[in-house]
1. Based on the mean of other beta carbon atoms within 10 Å per residue, what is the order of 699-709, 439-449, most packed first?
2. Which percent, nearest 5, of DSSP beta bridges in segment 504-650 are antiparallel?
3. Enumerate cysteines in the chain without a disulfide-compatible partner, where compatibility requires another Cys Cβ under 4.7 angstrom.
4. What is the extension gain from HIS525 to SER161, computed as 0.36 nm multiplied by their sequence separation minus the C-alpha to C-alpha distance, in nm to one decimal?
5. So for the pair TYR746, GLN911, with labels modelled 7 Å out along Cα→Cβ, what separation do we get in nm?
6. Determine the share of the chain's accessible area contributed by carbon and sulfur atoms, expressed in whole percent, with a 1.4 angstrom probe.
7. Only bridges with both residues in the chain count here: give the DSSP antiparallel percent, nearest 5.
8. Along the Cα→Cβ direction, 7 angstrom out, place labels at LYS22 and ASN901. What is the inter-label distance in nm?
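The values are calculated or read from the model by the stated rules, or taken from the named source; none is laboratory data. Everything numeric in this text was worked out from a predicted model, so none of it was measured. Glycine gets a Cβ as well: all are built from the backbone with ideal geometry, and neighbour counts include every protein chain shown. The accessibility values were calculated without ligands, DNA or RNA, using every heavy atom of the protein model including side chains. Shrake-Rupley method; radii C 1.70, N 1.55, O 1.52, S 1.80 Å.
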Amino acid sequence: MRGPPLVLLLLVLVTSSYSWKKEEFRNCNQTPFCKRARSRQPGSSNLRATDVSISDGDLISKLVPKEENPESKPLLLTLSVYQDGVMRVKIDEDQNNPKKRFEVPEVIEEDFLNTKLWLTRVEEEQIDGDSSFSSIVYLSDGYEGVLRHDPFEVFVREKGSGKRVLSINSNGLFDFEQLREKKEGDDWEERFRSHTDTRPYGPQSISFDVSFYGADFVYGIPEHATSLSLKPTRGPNVEEHTEPYRLFNLDVFEYLHESPFGLYGSIPFMISHGKARGSSGFFWLNAAEMQIDVLGSGWNSNEIMLPSDKHRIDTLWMTEAGVVDTFFFIGPGPKDVVRQYTSVTGRPSMPQLFATAYHQCRWNYRDEEDVYNVDSNFDEHDIPYDVLWLDIEHTDGKKYFTWDRVLFPNPEEMQNKLAAKGRHMVTIVDPHIKRDESYHIHKEASEKGYYVKDATGKDYDGWCWSGSSSYTDLLNPEIRSWWSDKFSLDSYVGSTKYLYIWNDMNEPSVFNGPEVTMPRDALHHGGVEHRELHNSYGYYFQMATSDGLLKRGDGKDRPFVLARAFFAGSQRYGAIWTGDNTAEWEHLRVSVPMVLTLSISGIVFSGADVGGFFGNPDTELLVRWYQVGAYYPFFRGHAHHDTKRREPWLFGERNTQLMREAIHVRYMYLPYFYTLFREANSSGTPIARPLWMEFPGDEKSFSNDEAFMVGNGLLVQGVYTEKAKHVSVYLPGEESWYDLRSASAYKGGHTHKYEVSEDSVPSFQRAGTIIPRKDRLRRSSTQMENDPYTLVIALNSSQAAEGELYVDDGKSFEFKQGAFIHRRFTFSNGKLISSNVAPSTAGRSNIFSSECTVERIILLGLSPGAKTALIEPGNKQVEIELGPLFIQENRGSVLTIRKPNVRITDDWSIQIL
């Protein structure tokens, strides 16, 4: 949410324009640490590794200059190895300094730390003709970690072949600015526009190069409104003044598409992929501002590229502060890399079922009458939805945890009425606290000293929606606990157990701050400067909010918290959306690579505002956005208060029908989406996937970001141009694909000229998959709980297919104790078999059961001649007949087994006769 009123903007000296202004934000040349790092030449690093030994199961070493330098103390390197092919390299300076350098807490999972492999010995070897030795450690079967002593370098290589996978400092660009005492005459201040950063500890930046071997493309490092594959930012074929990709959480309204400019969140994780080797990944746990160059081929004109390096991609990573705390992920497949990364930063949380359905939001629904009218209109127009949202205007004077009792006099009753239909409500809670002595949250936070301080030690006072505001210091666990208590039903008066939370503006956004954020020299718990943790502030805010909902439900109710700012690990605490986009075709188009980039970076529960937040979409754009948005993991319609109302029934009967059908598609596939959310919760594998994640050897898929996979079974191609009659659809792989609307088969491995109709975007089911649906449509997902299932079996060339279905109670944590149903469906040799893949329930009391049955089985691609099917157990014979592809539309004609009435909890088989 962005675009403050003009009066407020004038008060706080912020532009009154409702558009992005380049000059309000720093570029690399205006950012000294970035400018310095970019100016360094390859080979400028002069460090060598000495005193190598094993301590506490780690390889440790000192990094010292080759030539003596009295101002440069030795750096300390620690190399650790963990299960599943993860290597960690930390580099810090001695602690005899003015302060301790900041290490980001509570991101790394404790379970991951327990997988450490204790090193007991180091092999010594001369490599690449070096006169000195290198230290070699075991990483996993087939891989080794190497510390090259002189010149200093760290890399992972394949055992035997010696082929490299990932490396740091192969190009000699490592630089570490050590803290030092300020001397007379030192001017460490930095100025940008009207703001001065005191920088009391001086320059403390770090930069180094990272190389990905066997790579054709690199991806990741959200958040940017750019293509999925990261374009080179430096090199002979790159424009001279191209900016690095910036990671610095900022409130950027009406952001530009196709820009490396940093947006609301930051995850310093990059994944490479190439046909030659597969995938590898690199993560730097650092929450300070970061700039990353992707170096184009020939970026160093003097570089001699060895034949084995022709698929190498070099990158340059630069940050303002912190330490080197890096993780190497060896893959070799893309799903392996994501699994390895989320083993470090945490698996995505398992959402409640309602949260995976459709959400309706606007800034703002005016009052209770407006809420009831919107709710009833969804019912009147036969459009399901699950969640209605309230923005800041529902509060009493922009004070969070309060209600405007004139506009919302009975909030509990309002929520209960929605809940009677199986629906929920979300209200907004932002981090800026109104400085009003009558406001109990401010009074308590002020008295307890819970606010972030300015550089002089006073409570930091900035401007946001509530006017003069302060910000809780959520780095402090005590303050996070205090904040989480505010979500109790007793404390949050007017809330109910059906109310969930939206964290906006949590970058944090400060209208009168430098670059619309908090000053870098503001102070947090333990004397940590804001510059050191800036990118993680929103992470701690979402964490504390999620913990608050956990407390409210006595640990039994899964939280739902949507946040705008994020960091590595945010996937553990809720959903993310892509921020304040615009009602333009290009913003619809860029939403797909943005969601895919978040997905491969651990944030699997994400989506873009359907229709665009700013502006008034033409009807065709709005319809197309619903048709694509129905496949986002997070599906929400949202709009700015200056836009025209755009609920789906306001655009004429035909357009209402088209949007209704798009929303119906989402509800029909909810069983499939929920199964995928459980897969993500277990392994980190995203719901929305780039094509190359499912087809890692298909080069045509590597740079395709107009289409995406939902799980392994559905492919969706957006329509991104006005009045399109045809689109080109590339269908990867060697097997066929079945059109979801017509069941027509299309060949894989080909680009098809697909005739576009207004009623859907091109979407296909992959041959060889079985996908569960629920075809009876209700008002909300909650009301679908006991409805029967449809199984859609898309047979491949071997007349085989497989798929899964996961079901639990949709709301509690009982699934962690095994209270769930998990079935695998396999079809081969003319027989469909349902088998249990959940752990045994013998001797357990917390067993989840269901009376749901399968009411239809659709067979796509079945060889002709089948007439009947035999169901076991029961020796029941049923006919195979022609039936509609969709019950609601009663169109299409597909082979169908009607009413087999087998229970989803049971083992059974159906033999085609």
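1. Values: 699-709: 20.2, 439-449: 15.6.
Highest-to-lowest ranking by the protection proxy: 699-709, 439-449.
2. Numbers: 3 of 10 bridges.
Counting only bridges with both partners in segment 504-650, antiparallel ones make up about 30 percent.
3. CYS361, CYS464, CYS852
4. Working: separation 364, 0.36 × 364 = 131.04 nm, distance 4.89 nm.
Computed gain between HIS525 and SER161 is 126.1 nm.
5. 3.8 nm
6. Working: 15320 of 32600 Å².
On the chain, the fraction of accessible area on carbon and sulfur atoms equals 47 percent.
7. Numbers: 160 of 191 bridges.
Antiparallel bridges make up about 85 percent of those DSSP assigns within the chain.
8. 7.0 nm
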